[in-house]
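Right, one structure below, let's go through it.
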Amino acid sequence: MLRVIGLVAAHVFKESVRDKVLYNLVLFATLMIGASYLVGQLTAGQDIKIIKDLGLAASAVFGLFIAVFIGVGLVWKEVDRRSVYNVLVKPLRRHHFIAGKFIGLALTLFVNLAVMAAAVYAVLVVMVWWQPTLATAAAVEAPVVDPRLLVAFVLIYVQLLVVTAVALFFSTFSSPMLSAALTCGLYIVGHFNADLAHFENVVTSKAAAALARGLYYVLPNLAPFDVKAAVVHGQAIPAGYVLLTCGYGLCYAAAVVGLAMLVFSRRDFK
Amino acid sequence: MSARATPSRAEGRPPRRQALVALTVSALFVAGALGLQASRDVYFPLAQPDATMLYVRSGPAASRLALSFGAVIADLYWIRAIQHYGDTRLSTSPTKQYSALYPLLDLATSLDPRFTVAYRFGAIFLAEPFPDGAGRIDLAITLLNKGLAADPTKWQYAQDAGFIHYWWLQDYKAAAHWFDNASRIDGAPWWLRSMAATTLVQGGDRRSSRVLWTQLGETTDDEWVQTNVRLKIAQLDALDEIDRLVVTVTQYQQIAGRFPPSWEAVRALGLIGAVPADPAGAAYRLDPTQPGGVTIAHESTLYPLPSQFVRKAGPPS
């Protein structure tokens, strides 16, 4: 079973490389190098903070684009090209196929984020080497090459796994355009989720408040994955918080992938 | 049968010459487009974008719209705030105003509530009297209070609020209150407590002012702040020097029986070695109409001296 899933995952990864998804890393590197030069000209002693903010935000955005735009085509493309028939006649269960697709894209995202994290650290190292006063500037709140940035990258990655799972789920029964719209919609809603938890403060109806609270638990809660500003300001992120948030993200992603397996296994391809 | 995406080896690649022609034609069209755009810009100049325009003015609304990208958008607003401040400060327009400064700082600090530099520099930009700054001490204090609400451990914000009351408002009671508040926050330096006591007892004196400016300079590496600190300390030095020169002028009057017509006359009596110059290099001015009889030259880069420390009464006896 694991071998079959691994084969599908490897195929997804190879396909993303063939589709030149990794080219975005060149764009990312160009953005970081260009920004590191421009920021020094535009701002007052905040170079390191801005480079860290930009590096983390760009990693999250690039990762989001990959998760959404590759994720929504993962299954639909196979159905559209009718290659799904060739796959399903092989000794491969449908849920293994979905699991392999998810893991393949997760691997692509991991490689992307790992390279982007390395690029951010490299730019920071070069900036300090070029201008050593940046590291000792009074305005610096955290070490320039701060290992805590990795915490932000880890949480971005888990957040992207949730988005990938949602995109894959929609991909099992919907067109890429609609899937992308729905996934982006859920991504946005996921950042306003906390409002639903306190809905009883703005409505008097107990039923509406209960419905809102139910939605709070059902919809993905993506805001807790954002610790970018905190790590840039050198604030400690408790290990318990990171573990709970990662655990929530992995469970949520697993649940949505499970739903995607269910939908895909019930689809009639005749 | 569907068409192939790329030509096969059998079909062959497009000849090199053909590719060269295609590239040349493309380059010509690009050059044409650039030329036409440049011509249009000459005959129909582009409207200057309104630097003070903000699509969103509400901090809470901006932070909601930013999703999880608040910090990086805060950086953009911070850069805009600096550009707006710098452009307006350098502008020679008689109608110039810092109308977008506070909204930009408010947005930056709403999007990133721990943006220390935006609070601290922002308060300096806002408090500086017009035309060098917005002259909005009320907004500077509002910004610092917002910073303290976001992070009550930042004693620097309370120190800055005390500094604004001390230097720009000469409200020494309020300044002492802020310094005392700052000194009670964990991690605050020891001198804030003595600064609170000194300010309350002695009001604004030059020695404590010099300490305040020096401390402010030590909390940042920003060149603009450092230049400002050097200027203010040089002004305080000039005030000390003027006090000493007032004594010399008084001595001259006692000997010669009249106000000295020039520094050369004072030197001729051996009371000074050379024509005295301020820290910026400009000679001090002898002026019998001014209290004390000695003042700074209008041409000096240190002019005008901080009003609260300038001798306000007492002609040279």
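Against the definition (touching a residue at least 40 places away in the same chain (Cβ under 8 Å), away from chain B (no Cβ under 14 Å) and in a helix (DSSP H, G or I)), how does A:Ile48 come out, yes or no?
Working: touching a residue at least 40 places away in the same chain (Cβ under 8 Å): yes; away from chain B (no Cβ under 14 Å): no; in a helix (DSSP H, G or I): yes.
So A:Ile48 does not fit the description; no.
Scanning segment B:166-195 for residues that are buried (at least 17 other Cβ atoms within 10 Å of the Cβ), more than 16 Å from B:Arg207 (Cα to Cα) and in contact (Cβ under 8 Å) with a residue 24 or more places away in the chain yields B:Trp168, B:Ala182, B:Ser183, B:Ile185, B:Ala188. Once segment A:179-205 is narrowed to residues that are among the small types (Gly, Ala, Ser) and within 13 Å of A:Ala223 (Cβ to Cβ), the residue that is nearest to the other protein chains (Cβ to nearest Cβ) is A:Gly190. Here B:Ala74 meets each of (1) among the small types (Gly, Ala, Ser); (2) more than 14 Å from chain A (Cβ to nearest Cβ); (3) closer than 30 Å to A:Leu64 by Cα with one exception, condition (2).
Residue check: A:Asp146 meets all listed conditions (1) touching a helix residue (DSSP H, G or I) at 6+ places or on another chain (Cβ under 6 Å); (2) of a type in the set (Asp, Glu); (3) within 22 Å of B:Ala71 (Cα to Cα) but one, namely (1). Taking the conditions (1) away from chain B (no Cβ under 14 Å); (2) touching a residue at least 40 places away in the same chain (Cβ under 8 Å); (3) part of a helix (DSSP H, G or I) in turn, A:Pro143 satisfies each one other than (3).
In this structure, is A:Ala239 without any contact (Cβ under 8 Å) to a residue 60 or more places away in the chain, among the aliphatic types (A, V, I, L, M) and away from chain B (no Cβ under 14 Å)? Don't jump to the end; show me each part of the working.
On the way: without any contact (Cβ under 8 Å) to a residue 60 or more places away in the chain: yes; among the aliphatic types (A, V, I, L, M): yes; away from chain B (no Cβ under 14 Å): yes.
Judged against the criteria, A:Ala239 is a match.
Considering segment A:16-71, the residues that are farther than 18 Å from A:Leu150 by Cα and among the hydroxyl-bearing types (Ser, Thr, Tyr) include one that is farthest from the chain's Cα centre (by Cα), namely A:Thr43. Being of a type in the set (Asp, Glu) and at pLDDT 90 or above is the requirement here; does B:Asp160 meet it? Taking the combined requirement at face value, the residue satisfies it. Please go through segment A:235-261 and pick out each residue that is farther than 21 Å from A:Ala67 by Cα and exposed (fewer than 14 other Cβ atoms within 10 Å of the Cβ). Listed by number, the residues that qualify are A:Ala236, A:Pro238, A:Ala239, A:Gly240, A:Leu243, A:Leu244.
Can you pull out the residues in segment B:21-68 that are within 30 Å of B:Gln97 (Cα to Cα) and assigned to a helix (DSSP H, G or I)? Step through it out loud before you land on a result.
First, pick out the residues of segment B:21-68 that are within 30 Å of B:Gln97 (Cα to Cα): B:41-42, B:44-66.
Answer for segment B:21-68, where residues must be within 30 Å of B:Gln97 (Cα to Cα) and assigned to a helix (DSSP H, G or I): B:Asp41, B:Val42, B:Gly59, B:Pro60, B:Ala61, B:Ala62, B:Ser63, B:Arg64, B:Leu65.
From the list A:Leu160, A:Leu168, the one residue that fits, being within 14 Å of chain B (Cβ to nearest Cβ), buried (at least 20 other Cβ atoms within 10 Å of the Cβ), within 14 Å of the chain's Cα centre (by Cα) and under 22 Å from A:Phe264 (Cβ atoms), is A:Leu160.
The values are calculated or read from the model by the stated rules, or taken from the named source; none is laboratory data. No experiment lies behind these values; they were computed from the predicted model shown. Reconstructed Cβ throughout: ideal geometry from the backbone, glycine too, with neighbour counts over all protein chains shown.
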